Amino acid sequence: LERAVLDSRRKSRVVVARLSSARLVSPQIMDHRGMPDHTIQACVIPPPVEPRLLLGVSMAFLRQFARDAGATAETLTVELVQQVRDRTALSGQSLAESLVGSVADNAPLAGPATLFVSHAQQCSFTKMLDALDEFVARERLESTATFFWVDAFSIRQSDVANDIAQIGAIERQIGKVVMVLDPWDKPRCLTRVWCLYEVVHCCIVKSDTFLKFTMAPNEWGLFKRAVASDPSAVERLVQFDARAAEATVEDDRKMIMRLIESQFHVEAATVVRIDPSGDHIDRFNRSLRRTLSATLTDVVNGMVGCDKCKEALPAVNKAARVGLDDEATPSPVATAR
């Protein structure tokens, strides 16, 4: 998203203006001056989603796209975005739109998105596909009925500012978000503000959006070996801080941090049984760590032939409980299948 936004002229002003025009609801969210912050209010209750923005693409298409582009394990997703622009320049549609009605091996190449993919474009494209394949297998999803919402393919490259203004509503409509962790011990996505922007919509109060994590098989292998030799290694995955998240444009970072602040105030933390101590970033970090830890627990429990890995469970469970009351009810984000 970030690279695409950079290519859209005056993107920050356009995005904020677009968000500010969205429908407002009460109670209003106030900015640092005590005035209604319409930008954040619009993020919380976004305008209705255009149906075209709910289209995803199949894994068969993504694999064929990678082959046609000559992508290798070293090819970054951001390097392929220009090819998407070239293919859609005349139509002005998203690539997903242009694929509606197309089939391969009697299976559609595009359809209503079933998974929203949160990922860092600065990471390997083929590793992202490997990670998604791993997720589909682990969750026992029907591969031909699974369509992935990937920003480069589901957004109109000719109208990026308008489309990204609806990200929150898109996620909620799809209802399922999977974040790709690469590399396993220092996920790039957890250092990018736009990825946090996607994740925060899953963690907010009253959100029923499913959020889970996945990695490419080779990253899971590295994770397994690291945990087998040192169970405490699992804690590396929860040692991140949203304060360190980066954005090329400072206005983007500020806008997203305001969104986090609006959703993780003390009263909201009490509702979802998150330790209210610290500031809003601390509370957001705890919520995201809880979700990540829940996925890790599932994975470690499912590891076969790795008794040593089971020793990591106390560390995983400890991380999962950080910032939770003893009698806390697990949130939908952490437990949704």
Top-ranked residue of segment 242-258 - restricted to ones that are more than 27 Å from PHE125 (Cβ to Cβ) and open to solvent by less than 60 Å² (accessible area, probe 1.4 Å), ranked as modelled with the lowest pLDDT: MET255
If I filter segment 211-224 for residues that are part of a loop (DSSP other than H, G, I, E, B), surrounded by 21 or more Cβ atoms within 10 Å (Cβ to Cβ) and either at pLDDT 85 or above or touching a Gly at 6+ places or on another chain (Cβ under 7 Å) (or both), do I get at least one hit? yes
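A quick yes/no check of all residues on (1) among the polar types (S, T, N, Q); (2) modelled with pLDDT under 95; (3) open to solvent by 50 Å² or more (accessible area, probe 1.4 Å):
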position	(1), (2), (3)
ARG138	no, yes, yes
THR146	yes, no, no
PHE153	no, no, no
GLN166	yes, yes, no
ILE170	no, yes, no
GLY175	no, yes, no
MET179	no, yes, no
ASP185	no, yes, no
By residue number, the members of segment 48-102 that are more than 16 Å from ALA113 (Cα to Cα) and of a type in the set (D, E, K, R) are ARG63, ARG67, ASP68, GLU74, GLU79, ARG85, ASP86, ARG87
Quick check on my filter: what residues within segment 270-298 are at pLDDT 75 or above and outside any helix (DSSP H, G or I)? ASP279
Take the residues in segment 41-100 that are surrounded by 15 or more Cβ atoms within 10 Å (Cβ to Cβ) and among the acidic types (Asp, Glu), then tell me which one is modelled with the highest pLDDT. GLU97
LEU190 fails exactly one of the following numbered conditions: (1) closer than 24 Å to GLU246 by Cβ; (2) modelled with pLDDT under 80. What is the number of that condition? (2)
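The values are calculated or read from the model by the stated rules, or taken from the named source; none is laboratory data. All of these numbers come straight from a predicted model, not from anything done at the bench. Cβ: placed from backbone, ideal geometry, glycine included. Neighbour counts: every protein chain shown. Just the protein is used for accessible areas: all its heavy atoms, side chains included, with ligands, DNA and RNA removed. Shrake-Rupley method; radii C 1.70, N 1.55, O 1.52, S 1.80 Å.
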